[in-house]
Amino acid sequence: MKLPAKLKKLNKRERYAILVAAGVIGIFLIATLIVAPFFNRSRQLKGNLQTKAAMVEQMRQLQSEYIGLTQKEQLSKSQFLRREKDFKLYAFLNTLAGQTGIKDRISYMKPTTSAEKNSPYKISRVEMKLEAITLEQLTAYLYGVETSKNMVDVKKLSISKKDKTQGLITAVLQVETVEI
């Protein structure tokens, strides 16, 4: 191995020191220019993989939610088709009150209808006040409303005691349904 003239003039220990320094600089350059980018790229790919896996999991959750919503939509459509063609919430509640024996206890019934934006559906509501009824009569009436196949829901209910000695109550309830 031929060394440049200046290296030949140095003693043996100085030459080893220069060769060791050159080796350290070479290892540093290899580590900086080759090994570090490789590990950084590997770390970046793992991060991207984790991000993509999280996105896939979120997509699966959204897919299952979508499937559930479409099933509910089909169920609602089938219930709409089974409902009477000329169904009116006011008439239904009035008939049910007659069947449960509280028709004469109705103080008032206020029907309202509101159209949903960008939708062919309307929300039909009836607020009604029942006075001097028993808790059993109210329970029977609410059971008839909630178990009806007409997709009717009680949205609000307020109960107050009318007569403490006889156990009579006054109830104000708001019932609603969706109409086409």
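The values are calculated or read from the model by the stated rules, or taken from the named source; none is laboratory data. Everything numeric here is computed off the predicted structure, so don't read it as measured data. Please note: Cβ atoms are built from the backbone with ideal geometry, for glycine as well, and neighbour counts cover all protein chains shown. Areas reflect the complete protein model, heavy atoms only, side chains present, ligands, DNA and RNA absent. Shrake-Rupley method; radii C 1.70, N 1.55, O 1.52, S 1.80 Å.
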**Q.** For peptides 145-152, 42-49, 96-103, 171-178, sequence by mean Cβ density within 10 Å, most packed first
**A.** 171-178, 96-103, 145-152, 42-49
**Q.** Sequence-separation-based contact order of the chain, relative, with Cα cut under 8 Å and 6+ spacing, percent
**A.** 17
Q. Taking amide H positions as placed 1.01 Å from N in the peptide plane, with prolines and chain starts having none, which residues 5 or more places from K88, or on another chain, fall under 5 Å of its amide H?
A. none
Q. In degrees between 0 and 90, to the nearest 10, how far off the longest principal axis of the chain does helix 89-100 point, with axes built from Cα atoms?
A. 60
**Q.** Per-pair calculated FRET efficiency, R0 = 45 Å: T134 and E73 via Cβ, rounded to 0.05
**A.** 0.70
**Q.** Cα gyration tensor shape for the stretch 67-149, rounded if a/c is under 1.5, else prolate or oblate
**A.** prolate
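Can you show me the helix-derived [θ] at 222 nm for the chain, built from DSSP H runs with n ≥ 4 at -39,500 (n - 2.57) apiece and divided by the number of residues, rounded to the nearest 500.
Numbers: 5 runs with 95 residues, N = 180.
That calculation yields -18000 deg cm²/dmol at 222 nm.
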Q) Between the helical axis of 12-30 and the dominant principal axis of the chain, each derived from Cα atoms, what acute angle in degrees is found, rounded to the nearest 10? A) 30
**Q.** Tilt relative to the chain, helix 135-146 - C-alpha long axis, 0 to 90 degrees, to 10
**A.** 60
Q. How much of the accessible area of the stretch 92-147, in percent, comes from carbon and sulfur atoms when a 1.4 Å probe is used?
A. 48
Q | Chain lengthening between V56 and F87 when straightened (0.36 nm per residue, less Cα-Cα) | A | 6.7 nm
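Quick check: from the Cα gyration tensor, does the chain come out rounded (a/c under 1.5), prolate or oblate?
Prolate, since a/c reaches 1.5 and a/b exceeds b/c.
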